[in-house]
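What follows is calculated from the coordinates using simple rules that are stated; it is not laboratory data. Note that the coordinates shown come from a computational prediction; the quantities given were computed from them, not determined experimentally. Note: ideal-geometry Cβ built from the backbone for every residue, glycine included; neighbour counts use all protein chains shown.
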Amino acid sequence: MDGILLFDSLHWRPETSPKALVVFTDASGKLGLGFFLPASNTGYQCTLPLSPPENSIFFFEALAACSAIHHVASLPSRPRRLAIYSDSTNTVDLFSSLRASHPYNTILISAIDVLLRNQIDFRVIHIDGSKNHVADTLSCFNNAAAETHSPGICIHHFQPPRDALGASQK
């Protein structure tokens, strides 16, 4: 294979890789971003950033995945593999191809920088929106529904990575 290999393995699936951490992500076009880690029954949500670009739902879906990547990289025991489920085919395509145009370049660069620095192999996998209940309710700030879908869920707020929004790192 020609080129540079960025990841440990080209072929793995979350269901056959027991050490893979699974995260579900979603964005609401009007309210917020959310992601859910079923292994710890923990959810995260934030309001939408100001001044979104055109076609902002795609931007927000990609930003939710990038935010989840940053969060996972900050965990005390980082996984070697990360499986992100998104109901956005555009987000799946972005992270599968590793190609983006403005304004998505900053999101992709931010995510890949963190993955490489922390040696995390990842996949972004499409999931039907009807199966993405918890992340969807988190992105809509419908915490009662999140609790219904995942009893005992612990919900936290987060801020998206500044560099993914185009801000320089200090």
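Overview of values
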item: Val134, Val92 arranged by Cβ crowding within 10 Å, fewest neighbours leading; result: Val92, Val134
item: Theoretical gain in end-to-end length, Gln159 to Arg80 [0.36 nm per residue, Cα-Cα removed]; result: 26.1 nm
item: Net +/- balance of residues flanking Val114 in space, Cβ distance below 15 Å, scoring K and R +1, D and E -1; result: +2
item: Pairwise centroid distance, computed over Cα atoms, of region 146-166 with region 66-96, Å; result: 13 Å
